[in-house]
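Down below is the structure, laid out as C-alpha cells.
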C-alpha cells in the first residue's frame, strides 16, 4: 500500500479499507474534520500498535494512532516513479532508488505531523529553478514538483480560467483553488457517533466540549461573564503595555511611572512664551484676591517642602519640553482649601500635552459594586489615600514635559524661575489610570506579606482614592485596616481620614489617621457628624443619617435642569 506524507495534517489517517484489511474491531468515536470544504463532525474507528517498514526493510517505525477517514487523497499522479527521475538530468542518480509504481497497491494512509520523523529531510537534490527536486527521507526518496502554494493549488495552464473567488481556510478570498489536502482533526470523547454539518460547533480536543476557535462565526451567539464589560481599545492596550514594561519601584520604595506618550505623535513646540503670559494673568488675579493668594502660596510651599517639585535644570539645545500653566480651584464644601491644577489641555500651535498622551483605560471599580460590598457587613469603614496622584513619581527623563514657572523662594516679589514636577499631576489625562495602576501594583507586591484580603480591599473596594469596606466584627475591620495601612505605607502611600460606625474601630486607630470630623469626638457621648458615607446597614445608632443644604442656583437653563 501507499501512504501520503502530509505535514499540513495534524493527525495520521487511514481509509476504511485499511481497517477492514486488518480486521480491526473497534467502536467508532466522534471527531471533527476541518478541511477547505468546511468543518464536519463525523466518526471513525481508531487503531494502535501498527509498525511501518521502508521498502528496503532497513527501517521500522511505530505508527501513531490512526483515525478512520475516507478523505485521504487518492491522486496517484503524485506518486514518484523512476521514469520521472530519468527525465531530469539532476535526478537521474536517484532513479534506481525509487521503486516502480505498483498499479495494484492502493493509497490507504496519510501520515501527518504526529509522526514527525517521516517528514524530516536527510538529503536533497535541487537542480535548476522551477524544476522538480528530490528529497531523501527515512522511508526513501521522494520527488517534489510545484504542486501547492501554501494551502492553495496553482491553476493548471491547460484549464480555462474564470473570474471566480475562493475562500481559503483563514477566511481570505483568493483566485487560487483551496488545497483539499489541508486537513485538521479534533477528537471528541463525550458523545455517541454522529455526523452533521458545520453549523454544529466543533469540540475541544482535550475536553470534548464545544470550542470557539475552529471556524469563523461559531462565537456569534455565545455569552461569557465579560459580555457587559467594555473591551480595551488599541490605545488602552498600548497604555498597559507601556506601564507593564516601565513602571517600577525605586530605592525609596516609591512607584515610578512614565508619561504614556502616543506613538506616533506630534512633536511639541516650545510654549514658554505662552506660559509667561498665563503666569502674568494669574499674578493679576492673585493680587485682586488676597485670600486666594495666601492659599495659593501655601499650596506651592507645601508642594516644595514635600519634594514634589524641583528647580528645573537648564534645557539642552533642541530638547523637547513643555510648560504647564497653573490655576486654582476650590471645592464647594472646602472654601478655605485650594487645589492647584496643572493645565495640560492648554494648546500651543494646535497641540497640547494631553493630545500626545494616552489617557489609559478606566481602571475604576464600578461605584455600584463598591457601595453594595460596603453595605454587606454591619461594621462599616471608610478611608482615603492622602494626595494620591502626588504619591507616584514621574520617570526622570519625562520631567521636562512638566515644567512650570513660579517665583523664586515662593515669593511673588522675586524673579520668575523654572521648576518641574517630580510626581504625576492633576490635569494630565493619564494621571487617574497611572495612580490606580500603581496602587494596585503596590497591593500585588504586598499580598504575600499582608494577605490576599488586603490586596482585594485595594483592588475591589476603592473608588479612585476612597476606600469603602465592611466587616463582620470590629476585630476583623481593625485587622484589615492595619494590614492595608502598612502594605500601602511600604510604597509611601498613606491611608488616612478613617471613619467607622464602630467605636472600637475608631479607638484602635491613631488620632492623626482619623477623619477630621471625628478626631476630637467623644465616642458614645457626642452625636456623630452627618455624612453621606453612612448609608451602611448600621450606623452609630443603627440608623442612616444624611444632611442636605439647599444651595442657591442661577435661574438659567442649566441651573433649572441640573439637580442640586
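Just so it is clear, none of the values below were taken in a lab; they were calculated from the coordinates. Computed from a predicted structure; not experimentally measured. All Cβ positions, even for glycine, are placed from backbone atoms using ideal geometry, and neighbour counts span all protein chains on display.
The stretch 458-519 and the stretch 1-45 have Cα centres spaced 65 Å apart. Using 0.36 nm per residue and subtracting the Cα-Cα separation, the extra length available between residue 367 and residue 59 on full extension is 103.9 nm. The listed peptides 462-470, 87-95, ordered by packing as a protection proxy, come out as 462-470, 87-95 (highest mean of other Cβ atoms within 10 Å first).
By the Cα gyration tensor, the stretch 60-139 has an equivalent ellipsoid whose semi-axes, rounded to whole angstrom, run 26, 17, 12 from largest to smallest. For the stretch 322-457, the alpha-carbon radius of gyration amounts to 1.31 times the rule-of-thumb value 2.2 N^0.38 Å expected for a compact globular protein. Considering Cα pairs under 8 angstrom that are at least six residues apart, work out the relative contact order of the stretch 272-518 and quote it in whole percent. Here the relative contact order equals 23 percent.
May I ask you to derive the relative contact order of the stretch 321-443, considering only C-alpha pairs under 8 Å and at least 6 residues apart, and to give it as an integer percent?
Reported relative contact order: 32 percent.
Summary of the geometry: the stretch 63-90 and the stretch 389-434, compared by the centres of their Cα atoms, lie 73 Å apart. Direction-averaged shadow area of the convex hull around the Cα atoms of the stretch 271-319, nm²? That works out to 4.4 nm², a quarter of the Cα hull's surface. Peptides 375-384, 440-449 ranked from most to least packed, by the mean per-residue count of other Cβ atoms within 10 Å: 375-384, 440-449. As a length-normalised measure over Cα pairs under 8 Å and 6 or more apart, the relative contact order of the stretch 433-496 settles at 33 percent. A Förster distance of 22 Å, applied to the separation of the beta-carbon atoms of residue 136 and residue 101, puts the FRET efficiency at 0.70. Spatially, the stretch 280-298 and the stretch 258-276 are offset by 27 Å when compared through their Cα centroids. Specify whether the C-alpha gyration tensor of the stretch 217-295 places it in the rounded, prolate or oblate class, a ≥ b ≥ c being the square roots of the eigenvalues: rounded for a/c under 1.5, otherwise prolate if a/b is larger than b/c and oblate if not. Prolate, because a/c is 1.5 or more and a/b exceeds b/c. In terms of its Cα atoms, the stretch 272-518 spans 59, 37, 29 Å along the principal axes, sorted from long to short.
Ordering 295-301, 54-60 by mean Cβ neighbour count within 10 Å, with the highest value first, yields 295-301, 54-60. When the Kirkwood radius is taken over all Cα pairs of the stretch 20-90, what Stokes-Einstein diffusion coefficient follows at 10 °C and 1.306 mPa s, in µm²/s? My calculation gives 101 µm²/s for D.
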